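One structure is given below, encoded as structure tokens.
The values are calculated or read from the model by the stated rules, or taken from the named source; none is laboratory data. Worth saying up front: this structure is predicted, and the values here are computed from it rather than measured. Please note: Cβ atoms are built from the backbone with ideal geometry, for glycine as well, and neighbour counts cover all protein chains shown.
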């Protein structure tokens, strides 16, 4: 089980600070982080960072948070086909990284 996956699409200096998060709720550890989900396709050149928060006691669904090149962070709908493919891509990339290291 993976607790959280991150995919850096650009160098670390392109990351968005947590304070820039708008559609996320307070109480990260006690309830779902995402209050509003975005389903529209986000072009790859607009994505800077993607975080996957697996379901758990805090939330019954997997949450996918995208950091955009504009500095905005949005929650992606994990049920849309393109986000499902993105999650699989990140999971495969994480697994291959751990296989090479381990």
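Observations on the model:
- Where residue 91 falls short, out of the listed (1) under 20 Å from residue 33 (Cβ atoms); (2) modelled with pLDDT of 90 or more; (3) not in a loop (DSSP other than H, G, I, E, B): (2)
- The set of residues from segment 56-77 being in a loop (DSSP other than H, G, I, E, B) and within 15 Å of residue 91 (Cα to Cα) comprises just one member, 62.
- Among the residues making up segment 32-68, those that are surrounded by 14 or more Cβ atoms within 10 Å (Cβ to Cβ) and in contact with a helix residue (DSSP H, G or I) (Cβ under 7 Å, 6 or more places away or on another chain) are 48, 50, 52, 64, 68.
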